[in-house]
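> So that we are looking at the same thing, I have put the structure below in structure tokens.
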Amino acid sequence: MRLRPGSEELAPVSARFPAATTATVAGTALHSRRRRRSWHRRALPVAAPYALLLPTAGVIAAVLGYPLYLLVKLSFQKYGLFELVRHKGHYIGTANYARILHDSQFWTVLGRTVLFTAVNVALTLVLGTAIALLLVRLGRFMRVVLTTGLVLVWATPVVVAVDLWRWMVDYEFGVANWTLTKLHFGNFLHHDWFANPWTGFGVITALIVWGAIPFVTITVYAGLSQVPQELIEAAQIDGATSLGVFREITLPLLKPIFVILASLSIIWDFQVFNQIWIMLDERPTSDYFLMSIYSFVESFRISEYGLGSAIAVVMVLFMLGITFVYVRQMVRIGEVQ
Amino acid sequence: MSGPRTLGSKIVANALAVVVLVVMLFPVYWMVATAFKPGRDVLTYTPKWFPTHPTLANFRDAMGRAYFWSDVKNSLIIVGVVVVLSLALAFLAALALAKFRFYGRKAFIVLIIGVQMVPLNALVIPLYILLSRVHQVDKLSGVIVMYLTFVLPFTVWTLRGFMLGVPRELEEAAMVDGTTRFGAFVRILLPLVAPGLVATSIFAFIQAWNEFLIAYVFLHEPSKQTLTVWLANFTTLRGTEWGPLMAGATLTALPVLFFFLLVQRRVAFGLTAGAVRG
Amino acid sequence: MSSIRFANVSKVYGDGTLAVQSLDLEIAEGEFVVLVGPSGCGKTTALRMVAGLEEASDGEILIGDQVVNDLAPRQRDVAMVFQSYALYPHMSVRQNIAFGLRMRKVTKPEQRRRVEEIAKILGLTEHLDRRPAQLSGGQRQRVAMGRAIVREPKAFLMDEPLSNLDAKLRVQMRAEIARIQRRLKVTTLYVTHDQVEAMTMADRVAVMRRGVLQQTDAPQRVYESPANLFVASFVGSPPMNLLEARLSRGPDGLVCRIGAAEVDLGHRPELERFADRTIGVGIRPEHVREAEGEEPRLRGEALLVEALGAELLAHVAVPAQPLLVEDVREGAGADDDEAALPAAATPEGETTMLARLDAESRVRAGDLVGLSFDTRRLHFFDLETGLSIRPVAAPAPAAVAG
């Protein structure tokens, strides 16, 4: 039951400096001593995480990584039907970019897309947050009912949503037309909403905001419920009004969520394609072009894949800044987890 | 969160909630109502708010249309494979990210997040060119792989979050008790992240089922298409028959609505859990 | 049943922190050794190295006669009770306990038999089919014990298993764990920061500080003969009074001046070389008494008298210089950053002395008290090394300077 004899002689460093037993010592001095490591015990754990990641990384690289590289390459090529058949493009340098940048339509489309995105994102965030704030004030039953309703909207496939909105604004039998007329907003009977791009985009915006609100609401609500009750109570005791509490306590705490939601909304709304495409029977007029439609039409309709790619690259670059903000915010949260 | 403080504000809140509910849900209701109405009740200038003579005729019409059942089958196949594969792959990848320390881990996490931002529309072009080279256009397998790619990042991220929530000591106890490290993952970690698996599989299901653009671009044969493409083509085939169209739309939305109700708030919560507390 | 041995074991982390330094410790078969020390001293790291959950940077760890450094946890045949119990939440109590047996492919009937036997010993029979979430803290702790015991392992490893229990339960479980260990005679390495636990449960106590083993001995010996200042102030509750003192030579031997009191020590060969120097002096509260007659004393006001039922604990302000070295502060429980509070409050040359007095004593707060002590019970410490100065006659338990 005793220590090994002779251990008194070892007298480690600390013996001479009693209170100076520091915990940090360079580890190098120890490595020279006997070390027997079984090779396979070390090697297996080291390789394991890479092996686990490989399938996922492989799929992503193949479907996302390589095509992304291809996209950029394509944007510098002429790739029409002829090239499609031959499976090979014809390098033309920055001609595609020059063409689109000098094309007034490109700038119109870009401007339209930016405006469209701004309006949609703003409406979505404001309305979504408002409903989230409403949710907080509800009793349990109503909260569940409203949330369920929102979830139903959220789950609706885009194609379905487009069709049903199209039905609602149908120029002959649309229920929205009838209701708006009855509410004296004007005469909308037999009104083709899509004849005028402004009203057409109005419908599309309503459709998109409608579909996007649930996600924003539920996310903001989840964030609101994570705000510690004590903080709010302390603020109230300190004399803050409801608005004050919201502005000083809740909003700052919710900032990360808003950053994420805003980034996601901008990215999604900037890329809107399906709604316009299906709403206009796959034949949108140029007044309805957004960036994604423009790129698609150039590629698959006119078979100018190179040009379409260039437009797409511009689109991606445009969103890179937003993406960066989003990723940084997510990593901040993720790392703390 | 404090509940309403006065009866007055409570009434106002509830009234507002009802208004919001009606406004948001009305389109969905209208779609379903229309689907059950006979033709003459659909095509009226003054809307009939309730289907007073409900009928299944529209549904029969929609289901009888060309390629409906084959497209349903395609959707189911694609969705099924995507869900299973994404779960398997994501579980392994999440394990790596949550339970191991290795060089490049942070980079991969950033990649996972950032990759979700790459615009689908932009990639369709090179993907089409790529796949046409290897004659993989018009094949379900191509679509499946593409869907996997768009589903995996979120799935990996969510599962990782769930795994981080399981205390490390549970796995250590299992290892001392006699499992290998991987054995501990399967016997202890896997059952405990089951809710995460459910949430992500439902997410994958919904994403795959609802997707339009890729199916539209890559599947040309009507018999190979998915239900969403079928629905989109509905009107271009034969004018606009609203009754059957709404029926078709309802059918397309049905599975998703059903499963989404099961998972409810978990998805959004998973995305932002911890965001506030930081 | 096997012994456990640390042979010059060290653990360095990637960033250079030295968690365990050259640890030499042997736990004999069937022995109950408690590894005790303040948080961060490396005791849990040492324990985890035996389990295989941490890898030793240097040295060898032996279970029985086998070097186990390269063995995976499951190959070492040890059982561990975690601080948080680590019960599998998705399994019933029965399944939790049987888990290790299942991994070792014990037959089902045998599993059943052993689980039920253990459940009976631990009083868990009616909870066998419940989930951990449905159990109380004490019950969960017993399930964790059961899971360890049922495997009949070579050794038990326990990582602060009682810290999550309330005080009363802790006292109860302490006795139970000790009882079980004695009955089963399993080699046990137990880690805790609570020195009361260490003293009451251990066959031997091993005191650690900042990765270095300070002293290993039977609890009573550690208490009566602390090897250095750190151990002296860490072990014992209430803690030992530690003061500065000055030695000088008198007509009849050495004289020790502690504050205002001058104490005759007589012939102390071991202290000869410290004459005319300042040394550290320690006296436990139970060896401090009210002065009688003409004996040298420290006089001061009783600041506080705690009535503990069987005795009184008096806090008396005395004119003496306390030992403010780091070893003492850490032993008494201060954080590294914390300023020594009493010293900040009291002026230079004054400190508070703790004395355990008879219940019949008439000392009250505010009274002027004279304190004296049995000189045979004084502990002496070399201030340069922190080591205790041992009487020549007594054998020195091998110790490490702290």
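The values are calculated or read from the model by the stated rules, or taken from the named source; none is laboratory data. Because the structure is a prediction, the values reported are computed rather than measured. As a convention, Cβ positions derive from the backbone with ideal geometry for all residues, glycine included, and neighbour counts pool all protein chains shown. Protein only, heavy atoms only, side chains kept; ligands, DNA and RNA dropped before computing areas. Shrake-Rupley method; radii C 1.70, N 1.55, O 1.52, S 1.80 Å.
Conditions (1) at pLDDT below 85; (2) away from chain A (no Cβ under 14 Å); (3) open to solvent by 70 Å² or more (accessible area, probe 1.4 Å), marked per residue:
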residue: C:Glu311; (1), (2), (3): no, yes, no
residue: C:Ala314; (1), (2), (3): no, yes, no
residue: C:Asp337; (1), (2), (3): yes, yes, yes
residue: C:Gly349; (1), (2), (3): yes, yes, no
residue: C:Ala355; (1), (2), (3): no, yes, no
residue: C:Asp358; (1), (2), (3): no, yes, yes
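> Same structure, new question: Mind telling me which of the residues C:Gly331, C:Gly236, C:Gly300, C:Gly280 ends up being in a strand (DSSP E or B) and within 25 Å of C:Pro38 (Cα to Cα)?
Exactly one residue qualifies, and that residue is C:Gly280.
> Residues in region B:84-105: is at least one closer than 27 Å to A:Val331 by Cα, away from chain A (no Cβ under 12 Å) and part of a helix (DSSP H, G or I)?
no
> Could you please find all residues in region B:144-200 being of a type in the set (Ser, Thr, Tyr) and either within 14 Å of chain C (Cβ to nearest Cβ) or under 25 Å from C:Lys105 (Cβ atoms) (or both)?
Those that are of a type in the set (Ser, Thr, Tyr) and either within 14 Å of chain C (Cβ to nearest Cβ) or under 25 Å from C:Lys105 (Cβ atoms) (or both): B:Thr179, B:Thr180.
> Failed condition for B:Gln136, given (1) assigned to a helix (DSSP H, G or I); (2) away from chain C (no Cβ under 14 Å); (3) not basic (Lys, Arg), with all others met?
It is condition (1) that B:Gln136 fails.
> I need every pair where a residue in region B:113-141 that is without any contact (Cβ under 8 Å) to a residue 60 or more places away in the chain has its Cβ under 6 Å from the Cβ of a residue that is open to solvent by 40 Å² or more (accessible area, probe 1.4 Å), sequence separation at least 6 or different chains.
Within 6 Å, the pairs are B:Arg133/A:His87.
> Select from region B:14-45 the residues that are at pLDDT 85 or above, open to solvent by 40 Å² or more (accessible area, probe 1.4 Å) and facing chain A (nearest Cβ under 7 Å) and list them in ascending order.
Of everything in region B:14-45, those that are at pLDDT 85 or above, open to solvent by 40 Å² or more (accessible area, probe 1.4 Å) and facing chain A (nearest Cβ under 7 Å) turn out to be B:Asn14, B:Leu16, B:Leu25.
> In addition: Mind listing whichever residues of region B:118-131 are open to solvent by 10 Å² or more (accessible area, probe 1.4 Å) and either at pLDDT below 80 or more than 9 Å from chain A (Cβ to nearest Cβ) (or both)?
B:Val118, B:Leu120, B:Asn121, B:Leu131
> Here's something else I'd like to know. Suppose the filter is in contact with an Asp or Glu (Cβ under 7 Å, 6 or more places away or on another chain), open to solvent by 20 Å² or more (accessible area, probe 1.4 Å), touching a residue at least 60 places away in the same chain (Cβ under 8 Å) and assigned to a loop (DSSP other than H, G, I, E, B); does C:Ser39 pass it?
Criteria not met by C:Ser39.
> From (1) closer than 18 Å to B:Glu169 by Cα; (2) in contact with a helix residue (DSSP H, G or I) (Cβ under 9 Å, 6 or more places away or on another chain), pick out the condition that doesn't hold for C:Thr44.
(2)
> Can you name every residue in region C:43-65 that is away from chain A (no Cβ under 13 Å) and closer than 15 Å to C:Ser3 by Cβ?
Matches in region C:43-65: C:Val50, C:Ile63, C:Gly64, C:Asp65.
> Output the residue which, of all residues in region C:86-142 that are part of a loop (DSSP other than H, G, I, E, B) and either among the acidic types (Asp, Glu) or more than 26 Å from B:Pro195 (Cα to Cα) (or both), is most open to solvent (accessible area, probe 1.4 Å).
C:Lys105
> Could you please give the count of residues in region A:102-115 that are closer than 18 Å to A:Val297 by Cβ, surrounded by fewer than 18 Cβ atoms within 10 Å (Cβ to Cβ) and not hydroxyl-bearing (Ser, Thr, Tyr)?
Going through region A:102-115 one residue at a time, the tally reaches 4.
> Next question, about the same structure. Quick one: is C:Gln83 of a type in the set (S, T, N, Q), at pLDDT below 90, within 32 Å of the chain's Cα centre (by Cα) and open to solvent by 20 Å² or more (accessible area, probe 1.4 Å)?
Yes: the conditions hold for C:Gln83.
> Sticking with this one: From the set of residues in region A:193-221 that are without any contact (Cβ under 8 Å) to a residue 24 or more places away in the chain and in a helix (DSSP H, G or I), which is surrounded by the fewest Cβ atoms within 10 Å (Cβ to Cβ)?
A:Trp198
> Being within 25 Å of the chain's Cα centre (by Cα), open to solvent by 40 Å² or more (accessible area, probe 1.4 Å) and under 18 Å from B:Leu89 (Cβ atoms) narrows it down to one of B:Phe150, B:Phe205, B:Phe182, so name that one.
B:Phe150 is the lone residue from the list that is within 25 Å of the chain's Cα centre (by Cα), open to solvent by 40 Å² or more (accessible area, probe 1.4 Å) and under 18 Å from B:Leu89 (Cβ atoms).
> Follow-up. Please work out if C:Pro296 is at pLDDT below 80 and exposed (fewer than 15 other Cβ atoms within 10 Å of the Cβ).
The answer is no for C:Pro296.
> If you go through region C:350-383 one residue at a time, how many are in a strand (DSSP E or B) and among the polar types (S, T, N, Q)?
The qualifying residues number 3.
> Another question, then. Any chance region A:145-163 includes a residue that's more than 13 Å from chain B (Cβ to nearest Cβ) and either outside any helix (DSSP H, G or I) or crowded, with 22+ Cβ neighbours inside 10 Å (or both)?
no
> Looking at B:Lys37, B:Lys73, B:Lys10, B:Lys48, can you tell me which residue is of a type outside the set (A, V, I, L, M) and touching a residue at least 40 places away in the same chain (Cβ under 8 Å)?
None of the others qualify; the one that does is B:Lys37.
> Same structure again: Which of the residues spanning region C:143-163 are in contact (Cβ under 8 Å) with a residue 12 or more places away in the chain and either closer than 18 Å to C:Ile121 by Cα or surrounded by fewer than 15 Cβ atoms within 10 Å (Cβ to Cβ) (or both)?
Hits for region C:143-163 are C:Val143, C:Ala144, C:Met145, C:Gly146, C:Arg147, C:Ala148, C:Ile149, C:Val150, C:Arg151, C:Pro153, C:Phe156, C:Ser163.
> Please note which helices (runs of 4 or more DSSP H) are completely contained in region A:235-337 and include at least 2 residues that are within 10 Å of chain B (Cβ to nearest Cβ), of a type in the set (A, V, I, L, M) and free of Cβ contacts under 8 Å to residues at least 60 places away in the same chain.
A:251-270, A:305-336
> Condition check: assigned to a helix (DSSP H, G or I), modelled with pLDDT under 85 and within 13 Å of another protein chain (Cβ to nearest Cβ). Does B:Asp71 satisfy that?
The answer is no for B:Asp71.
> If you don't mind, there's one more thing I want to ask. Out of C:Gly253, C:Gly282, report the one residue that is touching a residue at least 40 places away in the same chain (Cβ under 8 Å) and under 23 Å from C:Ser372 (Cα atoms).
The unique qualifying residue is C:Gly282.
> Continuing with the same structure: I need a count of the residues in region B:232-263 that are within 22 Å of A:Trp277 (Cβ to Cβ), at pLDDT 80 or above and surrounded by fewer than 17 Cβ atoms within 10 Å (Cβ to Cβ).
The qualifying residues number 0.
> Tally time: how many residues in region A:207-234 are small (Gly, Ala, Ser), more than 7 Å from chain B (Cβ to nearest Cβ) and within 22 Å of the chain's Cα centre (by Cα)?
The total comes to 2.
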